Amino acid sequence: MAIEKGDFIKIIYTGRLEDGQVFDTTNEELAKENGIFNPRGMYGGDVVIVGSGHTIKGLDEDFIGKEVGYTGTLEIPPEKAFGVHNPALVESVSITKVATQLKDTRAYPGMEVEVDGRKGVVQKIIGRRLRVDFNHSLAGRTVTYEYTIERKLEETEEKAKGLLALYTGDPRLDIEVTPELIRVIIPIEFSFNQRWLISKGRIAHELIENLDIPNLEFVEKYPYVQKTPEAEAEGAAASEENESEE
């Protein structure tokens, strides 16, 4: 059956620039070979909802009408890839805006910086000002994707886990699904995960909308950690010290 908008599919892919350079891939070995391996990344394939903008527009549009098992190569122009290069997004910024990011390093062309929540690359340094390009690093580039549609997901729990893995990079989250509720058990370390904190609202919206289940709960899990005798002794000492100060 042909792939339609709204389908959950698992894909494997490799993105290349015009010169053949690999800039993105779900293949771990290929990522290592091309110097783009991310130890925090998730390899082996991504689950996406067709038509939901989980990948670039040209690739997302190309899924529609294909069959599971399809393998092909697609050249995508800038306007349907990472955007055309917008000169208005190249701005002059005071070096004081990035002072805390410099630490003991001087600013240099090619340096990545963040200004008012926007990420950019230093193009030029003129006195105490930086010329920073806030366009996507691949803006204006034509890219090529080789991709395979491995399968279409059918089970509700599998769909939910796949979408959560796409956003969090963790495929092992515990999920409970009933006709009325999706409950996602969130490990305590996610409380410090900026990616999770930014994405959880969108994740909740997409799960409810695409799985046709009216309610969703994120439940934080705090595992019991048994204290060692050493830890108990330290706690008692700290308590005595606080009492003596009072």
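Just a few scattered comments:
- Residue 34/residue 96 FRET efficiency (R0 35 Å; Cβ-Cβ; nearest 0.05): 0.45
- Residue 190 - accessible surface, heavy atoms, 1.4 Å probe, Å² rounded to 10: 10
- The residues of the chain have, on average, 62 Å² of accessible surface per residue, using a 1.4 Å probe with all protein chains present.
- Peptide packing: for 51-63, 191-203, the average count of neighbouring Cβ atoms within 10 Å per residue gives the ranking 51-63, 191-203, highest mean first.
- Full-extension gain in nm, residue 202 to residue 125, via 0.36 nm per residue minus C-alpha separation: 23.9 nm
- Accessible surface of the stretch 1-49, 1.4 Å probe, proportion on carbon and sulfur as whole %: 43
- Cα centre as origin, Lys/Arg/Asp/Glu Cβ charges: the chain dipole, Debye: 1460
- Candidates 56, 31, 8 compared by Cα position along the dipole of the stretch 8-61: farthest toward the positive end lies 8, with charges placed on Cβ.
- Residue 183 contributes an accessible area of around 70 Å² to the protein surface, as traced by a 1.4 Å probe with all chains present.
- Cβ charges +1 (Lys, Arg) and -1 (Asp, Glu), total dipole of the stretch 1-108, debye: 500
- Modelled spin-label separation between residue 4 and residue 137, with each label point placed 7 Å from Cα along the Cα-to-Cβ direction: 3.9 nm.
- Greater than 22 Å apart at Cα, pairs in 103/200; 66/152; 152/221; 32/57; 152/200; 5/159: 103/200; 152/221; 32/57; 152/200
- Placing dummy labels 7 Å off each Cα toward the beta-carbon, the span from residue 175 to residue 23 is 3.1 nm.
- Net +/- balance of residues flanking residue 116 in space, Cβ distance below 11 Å, scoring K and R +1, D and E -1: +1
- For the stretch 42-82, the residues whose amide N sits under 20 Å from a probe point set 7 Å from the Cα of residue 193 along the beta carbon direction are 42-49, 54-55.
The values are calculated or read from the model by the stated rules, or taken from the named source; none is laboratory data. All of these numbers come straight from a predicted model, not from anything done at the bench. We place every Cβ from the backbone using ideal geometry, glycine too, and count neighbours over all the protein chains shown. Areas reflect the complete protein model, heavy atoms only, side chains present, ligands, DNA and RNA absent. Shrake-Rupley method; radii C 1.70, N 1.55, O 1.52, S 1.80 Å.
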